[in-house]
């Protein structure tokens, strides 16, 4: 990766030099020779004064490729678009794939959206307008409306003719969808089958009618799972009446899988890891609210401990094991949490009670094994069997409780319709600190007369 | 997803009934009408006595599709293969895509590998044997050797003819690679361009020579990043002399992205979340070693606290804030860790010193903000400004240290060549417990004469 970053900055330097020295045609040639992804990176990386020359030199087509390949989460695309007059910006939005144009418009204030849409031809504007309406994280928000579709009464050569004609427009040419007169999705033909069958064969013979499709409102994570399982290059999206609305291509699925994984991972650490290139100030500002919220929750634990002040005064040794018990129970809870969140993410969380009992039993086994270890270590270290037993017992119970909380909290959050990834690891560990301390001091109180002075 | 699991069990029931009632042809038709992924799921899900009928009825081709679509991480493919006589198993391996066959063989003991390879035709056996030799997690282990390649002195129709002929063999037909006589990779032609250009055009005119390729030894995570960035459907793999060895298709990249994310996520929770369907016993057995290792590390903190026993006896209130300080510093450390691991995973960790200072500044800001909050809360709650100041100061220093450790540890682990995801969250928090306690009691000791009796 290091070489690539270096190459990019060399490319940007080279392109800047060409603009500065007025070698317009060489600039255009060099720029157009780049891969689309590289064009996008280079364009966004050019100093603004050179970029303002660049967009005057480059064609709408090329600029549409540039904007198609920029990631709205990483680059301020709206700012780049606003560097050009609105009329030019609208022409570029219109040349882009409709789903990408919709993504850009979703980043803008409504007034600006209206301006751009009013400058686009009505049919393109309508297409984009429809896509904007789908909720983020749904199949509808990912789909492209540039797909290949035919009626069923054609032959292989008719369809190939159509594929050739539309190949430059469509986002994916791997599949051609078969529709009836009311646009209902009837089946799919693969380009592979078209290429390997006789020209005069009716396509009905190679149409696969067992078609897997998703609904526009489906969760993007479920769609990604299907595409990943079936190894599809694209998947059709329909409305509730099975009318074809668009297709989602595998490159968008790759982004979704990454995005969903980043969300789960961020939840486990209480920090948004997609923003890795923030300034220190912004980075700190985003981390602090989480830490302070958790701190306030942690204050309840501090309050609880201080309410056992009398106990600590009688046996100050108890203080030594607070962090051991809270830490270990927190670790066990985090394990259960991570497993539960993953189970929900991949959709294998449908066994309800069986999963629950399975997790309870695992928690008990983990609790006993860990409690037994700490009993042996503490009994030997402090030469005090009762103290070891108290700490070990408290540890066992604390782990069983933390484990159960780690499992149940994401499951419940998912059931009531929220993203279980928000049940972040730090939240579970902070909560389990509280229960662990409660369990610890209560167990200790039971045994204190036996181990004190030991 | 729930409907799909239900559908699958219905399909399996239906197929079992057909076998039991001896309707062999209906079984074959029903099975072959399934999507390849569904075939694989259904085959693996059949009761063994029916499966032993199924493989006798199904063709090598169909069984190869079944085995191509099973995931070695989820299903015991070797056991399924061993249900058939070795000769039949070898025929299926030989019909499978070479990369998938190699994945299956990599799961077997060497003796069995030798048996199967000896039963395969020499050329296929050699192909597979070569793939087995690539290390896991490298580009070589992912690549398929069934790709389309041509020499450069051809015309569009020649190449289309070849594409049509090989379309059923090749794993991906989206790109055709152009090689010179020594098999060096010279460029790539997209199927889209072939379809949209005249038959008599020399392909050299539509060959893209700015080709992006990877080396067989490259890390799979880096390869996945490139494919995701460039939106490729496949990427060529070459040796050090730029000779084409194979191609990696996007469906394998989807699996890699998921796998790498799962690894990072697992690291943050000290549990392998890819094994979500373990029995409680196995699940517990895998979690316990981590917990006990962390417990032993945590014992050093307990020992440290008990060495400050005199201090706790003098001011038992100090015990109340142990879990608050260790917990909050642990959370801050986990945030820094997650960001560092992510930065390394996506390859944007090449700014060295700048990243370091950026993280130090963020840590200081986070530490001061959090320390200030705790100072105010404790000072008000305990009506003791000095105690509040001591706890706040300890918190600030503990966070700065934990934050730095969370950043530095994965960076150092990565530098010395290991996977930074092993620097798991619980390891960082347990380690930061130790430093936090050390800082806390030392700061407390400085101020004890001022807040005691307060």
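Laboratory data are not the source of any read-out in this text; all were calculated from the coordinates shown. What you see is a predicted model, and the numbers here were worked out from it, not measured in a lab. For neighbour counting, all protein chains shown are included, and Cβ atoms are generated from backbone atoms with ideal geometry for every residue, glycine included.
Points to keep in mind about this one:
- Label-point separation in nm, residue A:23 to residue A:418, each point 7 Å along Cα→Cβ: 5.9 nm
- Kirkwood Rh, angstrom, the range A:280-451 [1 / mean 1/r, Cα pairs]: 17.1 Å
- Look at where the Cα atoms of the range A:188-215 and of the range B:310-342 average out, and the two centres are 62 Å apart.
- Between copies, the label points at residue B:47 (set 7 angstrom from Cα along Cα-to-Cβ) are spaced 7.7 nm, reported in nanometres from shortest to longest.
- Cα-based helix-to-principal-axis angle, B:2-20 vs chain B, degrees rounded to 10: 40 degrees
- Ordering B:147-155, B:407-415 by mean Cβ neighbour count within 10 Å, with the highest value first, yields B:407-415, B:147-155.
- Computed FRET value (nearest 0.05) for residue A:204 with residue B:61, which takes r as the C-beta separation and R₀ as 22 Å: 0.40
- Applying the Kirkwood pairwise sum to the alpha-carbon positions of the range A:149-249 produces a hydrodynamic radius of 14.0 angstrom.
- With contacts taken as Cα pairs under 8 Å at a separation of at least 6 residues, chain B carries a relative contact order of 11 percent.
- In the protein assembly as shown, the calculated helix contribution to ellipticity at 222 nm averages -21000 deg cm²/dmol per residue, counting -39,500 (n - 2.57) for every DSSP H run with n ≥ 4.
- Nm distances between copies for residue A:242, ranked from closest, using label points 7 Å along Cα→Cβ: 5.3
- Shape parameters for the range A:286-326, alpha-carbon atoms, Rg then Dmax in Å: 13.1, 43
- When the inverse distances between all different Cα atoms of the range B:2-137 are averaged and flipped, the Kirkwood radius reads 15.4 angstrom.
- For the range B:71-119 and the range A:96-163, distance of Cα centres in Å: 45 Å
- Multiplying the residue separation of residue A:152 and residue A:286 by 0.36 nm and removing their Cα-Cα distance gives an extension gain of 42.8 nm.
- Rh by Kirkwood over Cα pairs, then Stokes-Einstein D for the protein assembly as shown at 1.002 mPa s and 20 °C, µm²/s: 70 µm²/s
- FRET efficiency estimate (nearest 0.05) - Cβ-Cβ, residue B:300 to residue B:446, R0 30 angstrom: 0.85
- Using alpha carbons only, the radius of gyration of chain B set against its Kirkwood radius gives Rg/Rh = 1.12.
- Residue A:133-residue B:49 pseudo-label distance in nm [points 7 Å out on the Cα-to-Cβ vector]: 5.7 nm
- Rounded to 0.05, the FRET efficiency of the residue A:10 and residue B:165 pair, given R0 = 30 Å and the Cβ-Cβ distance, is 0.10.
- Projected label points at residue A:354 and residue A:115, each 7 Å from Cα along the beta carbon direction, are separated by 5.8 nanometres.
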